[in-house]
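**Q** Input: one structure, supplied below.
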Amino acid sequence: MTELPVREGNADIPPREVRDWWRDAVVYQIYPRSFADSDGDGLGDLPGIRSRLPYLAQLGVDAIWLSPFYPSPLLDGGYDVIDPRDVDPRLGTVDDLRGIVADSHELGLRVFVDVVPNHFSWEHPWFKAALATAPGSPEWDRFHAVRGKGPEGELPPNNWHSAFGGPAWTPIPGHAGWWYLHLFDTSQPDLNWANREIHEDFQRTLRFWFDLGVDGFRIDVAHSLVKAEGLPDGPVVDEDEVMAGSERGPAWDQPGVHDVWREWRRVADSYDPPRVFVGEAWVATTEAQAAYTRPDELHTTFNFHFLRAFWDATVIRDVIGTSLLTSSAVGAPPTWVLSNHDVWRPVTRFAPWRDAHTMDIATGRRRAVAMSMLSLALPGSAYLYQGEELGLPEVVDLPDEVRQDPTFFRTEGRVKGRDGCRVPIPWSGDAPPYGFTTGTPWLPQPADWAGLTAEAQEADDSSTLALYRRALRVRRESPVLGDGELIWRESGHDDVLAVERPGERPILVLLNTGDGDRAVAVDGEVLLHTGEVSLDPDGALVIAPDTCCWIALA
Ligand code: NOJ
Ligand code: MG
């Protein structure tokens, strides 16, 4: 078995033009405040992102998705929007966004931006206007202002929880007995989608960014928006469960929300080329998820069932199988997601505990990278979250004083929250701020990240970054990767997953989740491996534990 030579760098390979680009795009998520800071204020910004686009083209992704950059009090990291058709002055201007779109297109990258339709910030002019009136006014009809229970309305209207902890209702100041709804932070009042004005305003927002040239939207909490008629009590759930994202009950995944997506699809389809959507829907099953990607609704949704899979070949195989089945039933491509700005970074998630206090991060990194390489070989579209290509771990020891996630405050510190995956990216140098800023990063970076910087990894052929570049290059060059078919193969071991991507030059992908070396009889050339591989005396491929390997079959 020989290794194929793989050229470094991916910027020169054109993306495949033979099918709808979004069906198998690799999309790189940028969390703007943590990506790159251009002006030394410690907050990442749009010019910072623009300056790093060549890095992303070189990495070989097909598209970028920017988390919110809209004016915001930042009480939920920008998912609390004051004006959805503008840019926060701390992050730049609408012209900077135009520049990002132009440069991205020049580099062959598509651009998604975020849209947050479930709620506005309490600083949005509409909420301020509502506060200046009494419940029952047209201004309040844009939100959910509801009389409370009890003789004086002194109890919340129902038992709904905020996804960040605590009740989903806050009293309306100056109007005793009245409450407003917020499925997230108090500062994020939910919008009333029974009011046509809301539909019209969001269509304006879609068109504003589409007209400016963005290729698609990532839709925040796409399974929310519409609430069950009468806002009935939901099932009593453990608060931790609410926050883990398993939202169910009358506030989530209501049939009416699908009409909104049909409306939006018509807007996207009215453009040439048509624009696209990826929905964030943390719903209970892959079937419920697939309903969001019926032909006249969203193009894709994030596959969080895959994100939740743990390190076990059978579990991983099951989730891949059901994802493929349910998505193909509606004609949509599946997506593969391991990471985003809301969850622990996979390096740490997959890390086994060495003892009660220490996690084995090196093993976690091997597993996370192996899982990611598996995902990049599966049919459909894949998502990478900034820093995943550098193998960054979760920062678990941020001091409480620097934490910003509303979850931390709403649970009085019981739940630490999501800041640990939002720590600014280490670009270069030996010490914080690692080229992220010339000032002080808005969240502190660990002192031991010198070896993880993009600069250090660019200089090292055996780095995580080099592996991602190689994988994305092979993925682009190979006609069998991306959209298409998958065949399950027998590896001869329960803990070794074997997947073939059939076609003229088929590729076999092996993933060893077992605790030792496994030998697999296979004839071909190794294209890529995340851990040790070798040949045994019989010519079988021996694959080390926690390893993924791509093989061009003979
Ligand atoms: C999902 C977003 O990804 C998360 O960051 C945010 O806090 C909630 N939606 C509320 O907008
Ligand atoms: Mg800045």
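The values are calculated or read from the model by the stated rules, or taken from the named source; none is laboratory data. Here the structure is a predicted model, which is why all the values come from computation and not from measurement. Cβ coordinates were reconstructed from backbone atoms using ideal geometry, including for glycine residues, and neighbour counts include every protein chain displayed. Just the protein is used for accessible areas: all its heavy atoms, side chains included, with ligands, DNA and RNA removed. Shrake-Rupley method; radii C 1.70, N 1.55, O 1.52, S 1.80 Å.
**Q** What is the gain in length, in nm to one decimal, between A102 and E525 on full extension, counting 0.36 nm per residue of separation less the C-alpha to C-alpha distance?
**A** Gain on stretching A102 to E525: 148.3 nm.
**Q** For segment 484-553, with every protein chain kept in place, what is the accessible area per residue (1.4 Å probe, Å²)?
**A** 44
**Q** With no solvent and one point per C-alpha, what does the Debye sum give as log10 I(q)/I(0) for segment 306-396 at q = 0.17 Å⁻¹?
**A** With one equal scatterer per Cα and no solvent, log10 I(q)/I(0) is -0.72.
**Q** So how tilted is helix 94-106 from the main axis of the chain? Cα-based, degrees 0 to 90, rounded to 10.
**A** The answer is roughly 20 degrees.
**Q** Follow-up question, since we're still on this one. Report the calculated FRET efficiency for D517 and D86 (r = Cβ-Cβ distance, R0 = 56 Å), to the nearest 0.05.
**A** 0.50
**Q** Now a separate question. Of the options L325, G435, V496, report the single residue whose Cα projects farthest towards the positive end of the charge dipole of the chain (beta-carbon charges: Lys, Arg +1; Asp, Glu -1).
**A** Looking along the dipole axis, the top candidate is L325.
**Q** Between D272 and E229, what's the calculated FRET efficiency when r is the beta-carbon distance and R0 is 41 Å? Round to 0.05.
**A** On the way: r = 38 Å, r/R0 = 0.94.
Calculated value: 0.60.
**Q** With a point put 7 Å past each Cα toward its Cβ, work out how far F310 is from Q203 in nm, to one decimal.
**A** Those two pseudo-labels are separated by 4.7 nm.
**Q** To the nearest 20 debye, what charge dipole does the chain have about its Cα centre, counting +1 at the Cβ of each Lys and Arg and -1 at the Cβ of each Asp and Glu?
**A** 720
**Q** Counting only chymotrypsin sites (Phe, Trp or Tyr not before Pro) that are in a DSSP loop and have at most 14 other C-beta atoms within 10 Å, tell me the longest site-free stretch of the chain.
**A** It runs 1-270.
**Q** Then there is this: So what's the convex hull volume per residue for the Cα atoms of the chain, in Å³?
**A** Residue-normalised Cα hull volume stands at 146 Å³.
**Q** Going through segment 369-415, which GluC sites (Glu not before Pro) have at most 11 other Cβ atoms within 10 Å and a DSSP loop state?
**A** E412
**Q** Lys/Arg Cβ at +1, Asp/Glu Cβ at -1, dipole of the chain taken about the Cα centre: which of P125, P71, P138 is farthest positive-ward?
**A** Comparing the listed Cα positions along the dipole, P138 ranks first.
**Q** A288 to W353: extension gain in nm, 0.36 nm per residue of separation minus the Cα-Cα distance?
**A** Length gained between A288 and W353: 20.0 nm.
**Q** With each run of n ≥ 4 DSSP H residues scored as -39500 (n - 2.57), what mean residue ellipticity at 222 nm is computed for the chain after dividing by its residue count and rounding to the nearest 500 deg cm²/dmol?
**A** Computed mean residue ellipticity for the chain: -7000 deg cm²/dmol.
**Q** Something else about it: Under a no-solvent Debye model with one identical scatterer per Cα of segment 443-554, what's log10 I(q)/I(0) at q = 0.14, 0.24 Å⁻¹?
**A** -0.65, -1.32
**Q** Also, I was wondering about something else. To the nearest 10 Å², what's V396's accessible area with a 1.4 Å probe?
**A** Looks like 80 Å² after rounding.
**Q** Further, regarding this structure: By how many degrees, 0 to 90 and rounded to 10, does the Cα axis of helix 464-477 deviate from the longest principal axis of the chain?
**A** Helix 464-477 sits roughly 80 degrees off the main axis of the chain.
**Q** Moving on to the next point. Sequence neighbours fewer than 8 away in the same chain don't count; with that in mind, list the lysines whose C-alpha is under 30 Å from K128.
**A** Qualifying lysines at Cα under 30 Å: K149, K227.
**Q** Find the accessible area per residue for segment 125-181; the probe is 1.4 Å, ligands and nucleic acids are left out, and the unit is Å².
**A** Accessible surface, normalised per residue, equals 45 Å².
**Q** Obtain the nm distance between the two label points defined at E455 and V94 by a simple spin-label model: each point lies 7 Å from its Cα along the Cα-to-C-beta direction.
**A** Output for this residue pair reads 3.7 nm.
**Q** Calculate I(q)/I(0) for segment 125-181 by the Debye formula, one identical point scatterer on each C-alpha and no solvent, and give its log10 at q = 0.18, 0.22, 0.23, 0.30 Å⁻¹ to two decimals.
**A** -0.58, -0.82, -0.88, -1.18
**Q** Turning to a different aspect of this structure: Need the full-extension length gain, D448 to L535, defined as separation in residues times 0.36 nm minus the C-alpha distance. One decimal, nm.
**A** That works out to 27.7 nm of additional length.
**Q** Now for a different question. What is the dipole size for segment 261-407, taken about its Cα centre, with +1 at each Lys and Arg Cβ and -1 at each Asp and Glu Cβ, in debye to the nearest 20?
**A** 400
**Q** Using +1 at the C-beta of Lys and Arg and -1 at the C-beta of Asp and Glu, which of V267, A288, P446 has the Cα lying farthest in the positive direction of the dipole of the chain?
**A** Of the listed residues, the answer is V267.
**Q** Mind pulling up the Rg/Rh value for segment 448-510? Radius of gyration and Kirkwood radius, both on Cα.
**A** Radius of gyration over Kirkwood radius for segment 448-510 works out to 1.13.
**Q** Leaving out ligands, DNA and RNA, and with a 1.4 Å probe, what % of the accessible surface on the chain is carbon or sulfur?
**A** 52
**Q** Given a cut-off of under 8 Å on Cα pairs at least six residues apart, what relative contact order in percent is computed for segment 125-181?
**A** Relative contact order comes out at 31 percent.
**Q** Same structure again: Can you pull out the GluC sites (Glu not before Pro) in segment 155-248 whose DSSP state is coil and whose Cβ has at most 11 other Cβ atoms within 10 Å?
**A** Listed in order of number, the matching sites are E229.
**Q** So what is the relative contact order for the chain, in percent, with contacts set as C-alpha pairs under 8 Å and at least six apart?
**A** The value is 14 percent.
**Q** Let me ask something additional. Exactly which GluC sites (Glu not before Pro) in segment 113-158 are in a DSSP loop and have at most 15 other Cβ atoms within 10 Å? Let's see the in-between values first.
**A** Working: sites: E123, E139, E152, E154; in loops: E123, E139, E152, E154.
Sites meeting the loop and neighbour criteria: E152, E154.
**Q** Can you give the FRET efficiency to the nearest 0.05 for S428 and R196, using r as the Cβ-Cβ distance and R₀ = 56 Å? It would help to have the intermediate numbers written out before the result.
**A** Working: r = 51 Å, r/R0 = 0.91.
With a Förster radius of 56 Å, E is 0.65.
**Q** Next up: Given H placed 1.01 Å from N in the peptide plane, which residues other than close sequence neighbours of W169 have an amide H under 5 Å from its amide H?
**A** Amide H to amide H, under 5 Å and 5 or more residues apart or across chains, W169 pairs with H182.
**Q** Note down the magnitude of the dipole of segment 125-181 about its Cα centre, charges +1 on Lys and Arg C-beta and -1 on Asp and Glu C-beta and zero elsewhere, to the nearest 20 debye.
**A** Roughly 80 debye for segment 125-181.
**Q** Quick one: if you take sqrt(5λ) for each eigenvalue of the C-alpha gyration tensor of segment 115-245, what semi-axes come out, biggest first, whole angstrom?
**A** 26, 19, 12
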